[in-house]
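Worksheet for the structure shown next.
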Amino acid sequence: MEKENKKYQISPDFILREIAGEYVIVPVGEDNIFSNTMMAPNDTAAFLWKAFEQPSTVEDVVIKSLQEYDAAEDVIRESIQKFIKECLESKILLEVE
């Protein structure tokens, strides 16, 4: 299987905050579909968010996730791919150089 070298990073138009033990995603950019909305990611989504705060490849995040979670690599990889797909569609995640 060919490994992708694409790197992804969370858009600067969004920030993750922890408030009273719960995570919230707050849009801070002017032009996004989530203005005036806060999103509440689960712990796994918050983990992936933090992993993509710096430019990272899928492989980088798979390795971090395997260290954090007791799950099969294929399950982890599938979850990361889903996270990337959904976040790219809503412009929360950007493909970077």
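With a 1.4 Å probe and all protein chains left in place, how much accessible area per residue does the chain have, in Å²?
Accessible area per residue, the chain: 68 Å².
List the residues of region 41-68 whose backbone N lies under 15 Å from a point placed 7 Å from the Cα of R17 along the Cα-to-Cβ direction.
In region 41-68, the label zone of R17 (backbone N under 15 Å from the point 7 Å along Cα→Cβ) covers 41.
Rounded to the nearest 0.05, what FRET efficiency do V75 and V28 have when you use their Cβ-Cβ distance and R0 = 30 Å?
0.40
Using only Cα atoms and rounding to the nearest 10 degrees, what angle (0 to 90) does helix 58-68 make with the longest principal axis of the chain?
That works out to roughly 90 degrees.
Taking the chain, how many lysine pairs are there with alpha carbons less than 18 Å apart, if each pair must be eight or more places apart or span two chains?
Going through the chain pair by pair, I get 19.
Which percent of the accessible area of the chain is formed by carbon and sulfur heavy atoms (probe 1.4 angstrom)?
Carbon with sulfur: 48 percent of the solvent-accessible area.
To one decimal place, what orientation-averaged projected area in nm² is obtained for the convex hull of the Cα set of the chain?
With every direction weighted equally, the projected area is 6.7 nm².
The values are calculated or read from the model by the stated rules, or taken from the named source; none is laboratory data. What you see is a predicted model; the values in this text were computed from it and never measured. Counting neighbours? That spans all protein chains shown, and the Cβs are built from the backbone with ideal geometry, glycine included. For the accessible areas, the whole protein counts, side chains as well, though only heavy atoms, and no ligand, DNA or RNA atoms are used. Shrake-Rupley method; radii C 1.70, N 1.55, O 1.52, S 1.80 Å.
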